[in-house]
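First comes the structure, then the notes that go with it.
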Amino acid sequence: QVQVVESGGGLAQPGGSLRLSCAASGRPFSFYIMGWYRQAPGKQREWVATITNAGRTDYADFVKGRFTISRDNAKNTINLQMDSLNAEDTAVYYCYQGPPGSRSWGQGTQVTVSS
């Protein structure tokens, strides 16, 4: 059974930083693409960042230069370093593992950016 579990959400001030982590188990971690989506109140879920099994990264335009996704295959985790946060980054952040059609999701972690 595949499990995806996020951690690291919380409250940050505008201009501050948070680091999210995502642990996955149940299938060979290094084989799979992983990434993050987010959903703000009243809005649709939107893609944030992806890291392939080869370590190639891709970002939504609204986080480029501010967020960094990375993976540690030895620890079966990925991380999302979020810097220069602003109020528009407030959302529930969801981690996923796998391509469309065989994708597993975590439960989400809340990120709130507020002074």
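Being surrounded by fewer than 17 Cβ atoms within 10 Å (Cβ to Cβ), under 11 Å from the mean Cα position of the chain (by Cα) and not in a loop (DSSP other than H, G, I, E, B) is true for just one of S30, S70. Which residue is that?
Matching residue, one of S30, S70: S70.
Yes or no: region 44-52 includes at least one residue that is part of a strand (DSSP E or B), surrounded by fewer than 20 Cβ atoms within 10 Å (Cβ to Cβ), among the polar types (S, T, N, Q) and touching a Leu at 6+ places or on another chain (Cβ under 9 Å).
no
Yes/no per residue for (1) within 24 Å of P100 (Cα to Cα); (2) among the small types (G, A, S):
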{"residue": "G8", "(1), (2)": "no, yes"}
{"residue": "L20", "(1), (2)": "yes, no"}
{"residue": "S30", "(1), (2)": "yes, yes"}
{"residue": "W47", "(1), (2)": "yes, no"}
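Scan region 80-115 for residues that are open to solvent by less than 50 Å² (accessible area, probe 1.4 Å), closer than 15 Å to Y32 by Cα and outside any loop (DSSP other than H, G, I, E, B) and report the count.
Result for region 80-115: 4.
Go through R27, R66 for me and flag whichever is under 18 Å from T112 (Cα atoms) and basic (K, R).
Just a single option satisfies the conditions, and that option is R66.
Tell me which of these A24 doesn't satisfy, since it passes every other one: (1) more than 18 Å from P100 (Cβ to Cβ); (2) under 15 Å from the mean Cα position of the chain (by Cα).
(1)
Hey, could you check region 11-24 for residues that are assigned to a strand (DSSP E or B) and not basic (K, R) and say which is farthest from T112 (Cα to Cα)?
Ranking the qualifying residues of region 11-24, first place goes to A24.
The values are calculated or read from the model by the stated rules, or taken from the named source; none is laboratory data. Model, not experiment: these values are computed from the prediction. Note that each Cβ is placed from the backbone with ideal geometry, even for glycine, and that neighbours are counted across all protein chains shown. All accessible areas refer to the heavy atoms of the entire protein, side chains included, with ligands and DNA or RNA removed. Shrake-Rupley method; radii C 1.70, N 1.55, O 1.52, S 1.80 Å.
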